1. Quick check on Lys18: is it over 20 Å from Ala125 (Cβ atoms) and either of a type outside the set (Ser, Thr, Tyr) or touching a residue at least 24 places away in the same chain (Cβ under 8 Å) (or both)?
2. For segment 5-22, indicate whether the set of residues that are surrounded by 13 or more Cβ atoms within 10 Å (Cβ to Cβ), on the phi > 0 side of the Ramachandran plot and either out of contact with any Phe, Trp or Tyr (no Cβ under 7 Å at 6 or more places or on another chain) or of a type in the set (A, V, I, L, M, F, W, C) (or both) is non-empty.
3. Among the residues of segment 58-73, are any among the aliphatic types (A, V, I, L, M), in contact with a helix residue (DSSP H, G or I) (Cβ under 8 Å, 6 or more places away or on another chain) and at pLDDT below 95?
4. Can you tell me which of Asn60, Asn83, Asn35 is surrounded by fewer than 17 Cβ atoms within 10 Å (Cβ to Cβ) and within 15 Å of the chain's Cα centre (by Cα)?
5. Go through segment 40-59 and give me each residue that's touching a residue at least 12 places away in the same chain (Cβ under 8 Å) and assigned to a helix (DSSP H, G or I).
6. If I ask for residues that are in a helix (DSSP H, G or I) and β-branched (Val, Ile, Thr), which ones from segment 1-39 would you list?
7. Quick test of your reading of the structure: Cys102 fulfils all but one of (1) without any contact (Cβ under 8 Å) to a residue 40 or more places away in the chain; (2) more than 23 Å from Ala26 (Cβ to Cβ). Name the failing condition by number.
Amino acid sequence: MKCGDVTSAKALFDRSTKKTTPVYGAMMKGFIINNLSQEAIDLFNEIKDPNETIITLFFNACAQLGTEKELILLKSISSKISNCFYSNPYVVTSLIDAFMKCGDVTSAKALFDRSTKKALSMYGAMMTG
């Protein structure tokens, strides 16, 4: 996927009989790298029990698209994920970034303010959003 051969990667993914979370993650990341974020979001919807990496990739895909539709998705998914995900600075940073890129500064700031352990990347997401 890093070489841009999305078609071959997708064909290989589709033929795979054992799709593990890392396989889904690799495919989602490949879609995002190749500016196919909607495909990454569609793939996210197939995953039954997403981990922190998958959630982060989902937030990154929404940020890349940055529309009202993705903002609605962000709010829906972020309200459903376990609170333990919010202790991961990568997850929180990607959600702040996604809120900012979807134009919801209020939600980004609220998330930033209630984060008890702020990573440098969170500050960066708030400043560059």
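1. yes
2. no
3. Initially, segment 58-73 is screened for residues among the aliphatic types (A, V, I, L, M), giving 61, 63, 65, 71-73.
Within this subset, residues satisfying the condition of being in contact with a helix residue (DSSP H, G or I) (Cβ under 8 Å, 6 or more places away or on another chain) are 61, 63, 65, 71, 73.
From the residues that got through so far, the ones that are at pLDDT below 95 too are none.
No, every residue in segment 58-73 fails to be among the aliphatic types (A, V, I, L, M), in contact with a helix residue (DSSP H, G or I) (Cβ under 8 Å, 6 or more places away or on another chain) and at pLDDT below 95.
4. The unique qualifying residue is Asn35.
5. Of everything in segment 40-59, those that are touching a residue at least 12 places away in the same chain (Cβ under 8 Å) and assigned to a helix (DSSP H, G or I) turn out to be Ala40, Ile41, Leu43, Phe44, Glu52, Thr53, Ile54, Ile55, Thr56, Leu57, Phe58, Phe59.
6. Val6, Thr7, Thr21, Val23, Ile32, Ile33
7. Among (1) without any contact (Cβ under 8 Å) to a residue 40 or more places away in the chain; (2) more than 23 Å from Ala26 (Cβ to Cβ), the lone unmet condition for Cys102 is (1).
Residue-by-condition table, conditions (1) surrounded by 15 or more Cβ atoms within 10 Å (Cβ to Cβ); (2) touching an Asp or Glu at 6+ places or on another chain (Cβ under 8 Å); (3) under 23 Å from Ala11 (Cα atoms):
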site: Asp42; (1), (2), (3): no, no, yes
site: Val91; (1), (2), (3): yes, yes, no
site: Cys102; (1), (2), (3): yes, yes, no
site: Lys117; (1), (2), (3): no, no, no
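The values are calculated or read from the model by the stated rules, or taken from the named source; none is laboratory data. A quick note: this is a predicted structure, and the numbers were derived from the prediction, not measured. With ideal geometry, Cβ positions are generated from the backbone for all residues, glycine too; neighbour counts draw on all protein chains shown.
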